[in-house]
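Here's the structure we're looking at; comments come further down.
FYI, it's all coordinate maths here, none of it is from the lab. Nothing here was measured: the structure is a model prediction, and the numbers come from that model. Note that each Cβ is placed from the backbone with ideal geometry, even for glycine, and that neighbours are counted across all protein chains shown.
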Amino acid sequence: MKQLSIRTNSRFEMIDITRAVADAVKEENVVSGICYVFVPHTTAAVTINENADPDVPRDIIMELDKVIPFHDNYRHMEGNSAAHIKTSLIGSSEAVFVENGNLVLGTWQSLFFCEFDGPRTRKYMVKVIATD
Ligand code: ZN
């Protein structure tokens with residue numbers, strides 16, 4: 001398993017981590033398998049979506065903020081309930097097939113680290129399970 005760190009720059013941000021994950025997979029020398037990406041935080045997540053048009057992550061951020069506003073009648077003392085809720089909705093892990101040492105993603109798909117309570121220095125884990 002590899003642990004990677006990432007510096008986020010704003011409260012709510014989606015950062016393309018496809019290249020970093022693909023490089024970590026290459027180092028494992030696995031031809032065929034499954035790559036798991038796991039985010040060990042309660043206010044950050046991981047998802048797969050389009051990065052060809054930067055307006056896609058921008059729109060996701062905008063709509064999540066409408067559905068889960070930063071201020072509401074939350075009871076959580078820390079004041080970041082919106083970040084916790086967004087994390088549960090988006091999820092803490094993704095699984096991507098690996099073939100010929102490469103991530104199998106659709107043409108328009110990228111892996112995104114989703115920061116919901118930044119800026120912070122975060123981490124995420126990459127593990128490749130060989131299946132061949
Ligand atoms: Zn909290």
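Things worth noting here:
- Partner lysines for Lys2 [C-alpha distance under 24 Å; skip if fewer than 8 residues away on the same chain]: Lys26, Lys123, Lys127
- Using the Cα coordinates of segment 1-79, the gyration tensor eigenvalues translate into equivalent-ellipsoid semi-axes of 29, 17, 11 Å, sorted from longest to shortest.
- Mean separation of Cα pairs under 8 Å and 6 or more residues apart, divided by the residue count, gives the chain a relative contact order of 55 percent.
- Extending 7 Å from the Cα toward the beta-carbon at both Lys66 and Gln109 defines two label points whose distance is 2.7 nm.
- The eigenvalues of the Cα gyration tensor, multiplied by 5 and square-rooted, give the chain an equivalent ellipsoid with semi-axes of 29, 15, 12 Å from largest to smallest.
- The Arg58 and Glu78 beta-carbon pair, evaluated with R₀ = 35 Å, returns a calculated FRET efficiency of approximately 0.85.
- Among Asp16, Asp117, Asp53, sorting on how many other beta-carbon atoms sit within 10 Å of each Cβ, with the fewest leading, yields Asp53, Asp16, Asp117.
- Estimated 222 nm signal from helices in the chain, with DSSP H stretches of n ≥ 4 weighted -39500 (n - 2.57), rounded to 500: -7500 deg cm²/dmol
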